[in-house]
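Chemist: Take a look at this one; I'll ask things after.
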Amino acid sequence: MPTPLAIVNIGQLITVAGPSRPRTGAELSDLGIVADAALLIENGRIAAAGPYLEIRSKIPAGAAVIDAEHRCVTPGFVDAHTHLVFAGNRAVEFEQRIAGATYQQIAAAGGGILRTVEVTRAASEDDLLTAARRHRDWMLRGGTTTIEAKSGYGLDRDTELKMLRVLERLNEEGPVRIVPTLLAAHTVPPEFAGRRGEYVRWVADVLIPEVAAAGLARYCDAFCDDHAFTVDECRTVLAAARHHGLGLRIHAEQFRPGTGAALAAELGAATADHLETVTEETLRQLATAGTQPVLLPGSVFALSRTAYPPARAVVELGLGIVIATDFNPGSSPVPSMPFMLSLACLEMRLSPAEALTAATINAAFSLGLGAEIGSLEPGKQANLLIHEFADYRELAYFIAAPARPRVFITGREVTA
């Protein structure tokens, strides 16, 4: 049995304690802050959290003790939308976008997702594991302790399964928890050019049943957009995924309204992601369905766009907002959750408290893990960060600071 651990002299403990559901409205600003606090961790879980004067009598003799030096302690970040596994990079396209090319123009010329598909298909499973481990370590250094990660750079059976096996291996390796998502409906592969209907049916009728039976994915995603898949095509894919027991997520309304968010509400998807162009009417549909919006400011920033998702409307309409990185080699090569907090505050007008809630407990609920992680409450896994800062607002305020929090996953300090 591991030695109990006490973390004492916490200047500001951000528990995010609250109801057993995603936080909405004013709840987003209630961080459950405890001053002059302590945590007791036993068997990898929070045994007690609160003022030191209340916790000290519960600390058993022989417990290991860490002095937080009056710094801020928060839950570990939960990144609920990433494309973690890929080969190569698209630095050339980065340069093209700087020169004025749009994301859609690059994709039409054979770049974009299909360029990454080409090099990912050619990579070995071990090479992909090495690359994904590197990406994971970038995230871990910034305080990310749980990662949702998608396939989608294979678009054929062998490579999609290869990517999902990499995620399985990375999850088994630890310490970061990986939540795998099948995203074969990312774009139409070149061998199915002119036969997109056949590809959609293959994903729905062949690949999804195989992936579900093998237990290689927890969720299925689809990219609903003019240069990806139509609403009806995404409905076919996601309905098949639901039939086979997978949870649903969808890339929706990134470049124009009417591309998938209403479908997410119709199918009861766990999340609708992006939503840069979503309308208030559709947001109301998502609220009624209980679908959480996952907003991805990193992709707006990296594409040099200005139309950020309407986060204030999302909050005011009572949705359980989530912030994630959308880390990927094309539209968001941004692995940093702290930077997402800064963008959420500066560009989407969330308060630092709302952004932090969206990046922790609400993100955990979007992955079906809200009862396990995302807040520092008794019984939950001890995934937490001891920051260099004394106040949680400094996480967003010091933009892109090279800060290195001390990271604990299930009560064990880890490094990358």
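Chemist: Is at least one residue of region 106-125 open to solvent by 60 Å² or more (accessible area, probe 1.4 Å), in a helix (DSSP H, G or I), closer than 23 Å to Phe223 by Cβ and free of Cβ contacts under 8 Å to residues at least 12 places away in the same chain?
Modeler: Among the residues of region 106-125, at least one is open to solvent by 60 Å² or more (accessible area, probe 1.4 Å), in a helix (DSSP H, G or I), closer than 23 Å to Phe223 by Cβ and free of Cβ contacts under 8 Å to residues at least 12 places away in the same chain, which makes the answer yes.
Chemist: Name every residue in region 50-79 that is open to solvent by 40 Å² or more (accessible area, probe 1.4 Å), acidic (Asp, Glu) and assigned to a strand (DSSP E or B), in order of residue number.
Modeler: Result: Asp67, single match.
Chemist: What's the total number of residues in region 230-249 that are in contact (Cβ under 8 Å) with a residue 12 or more places away in the chain and among the acidic types (Asp, Glu)?
Modeler: So the count comes out to 1.
Chemist: Could you list, in sequence order, all residues of region 379-412 that are open to solvent by 90 Å² or more (accessible area, probe 1.4 Å) and either closer than 19 Å to Ile55 by Cβ or among the hydroxyl-bearing types (Ser, Thr, Tyr) (or both)?
Modeler: Passing the criteria: only Tyr397.
Chemist: Let me ask something else about it. Specify the residue that is surrounded by the fewest Cβ atoms within 10 Å (Cβ to Cβ); the eligible residues are those in region 213-233 that are under 24 Å from Lys162 (Cα atoms) and among the charged types (D, E, K, R).
Modeler: Only one residue fits best here, namely Arg218.
Chemist: Confirm whether Phe339 is closer than 22 Å to Ala270 by Cβ and either of a type outside the set (D, E, K, R) or in a loop (DSSP other than H, G, I, E, B) (or both).
Modeler: Answer is no for this residue.
Chemist: Also, I was wondering about something else. Search region 160-186 for residues being surrounded by fewer than 24 Cβ atoms within 10 Å (Cβ to Cβ) and free of Cβ contacts under 8 Å to residues at least 40 places away in the same chain, and hand back the single one that is nearest to Val85 (Cα to Cα).
Modeler: Ranking the candidates gives Lys162 first.
Chemist: Being touching a His at 6+ places or on another chain (Cβ under 7 Å), outside any loop (DSSP other than H, G, I, E, B) and closer than 22 Å to Ala358 by Cβ, is that true of even one residue in region 280-293?
Modeler: Checking region 280-293: not a single residue is touching a His at 6+ places or on another chain (Cβ under 7 Å), outside any loop (DSSP other than H, G, I, E, B) and closer than 22 Å to Ala358 by Cβ.
Chemist: Right, another one. Check every one of the helices (runs of 4 or more DSSP H) wholly within region 172-249 and list those with 1 or more residues that are of a type in the set (Lys, Arg).
Modeler: Output list reads 196-202, 231-243.
Chemist: Of all residues in region 343-360, which are among the small types (Gly, Ala, Ser), surrounded by 23 or more Cβ atoms within 10 Å (Cβ to Cβ) and assigned to a helix (DSSP H, G or I)? Before the answer, list the steps.
Modeler: Just the residues of region 343-360 that are among the small types (Gly, Ala, Ser), to begin with: 344, 351, 353, 355, 358-359.
Filter again for surrounded by 23 or more Cβ atoms within 10 Å (Cβ to Cβ), leaving 344, 355, 358-359.
Ala344, Ala355, Ala358, listed by residue number.
The values are calculated or read from the model by the stated rules, or taken from the named source; none is laboratory data. This is a predicted model, so every value here is computed, not measured. Every residue, glycine as well, gets a Cβ built from its backbone with ideal geometry; the counts of neighbours run over all protein chains shown. For accessibility, only protein heavy atoms count, side chains too; no ligands or nucleic acids. Shrake-Rupley method; radii C 1.70, N 1.55, O 1.52, S 1.80 Å.
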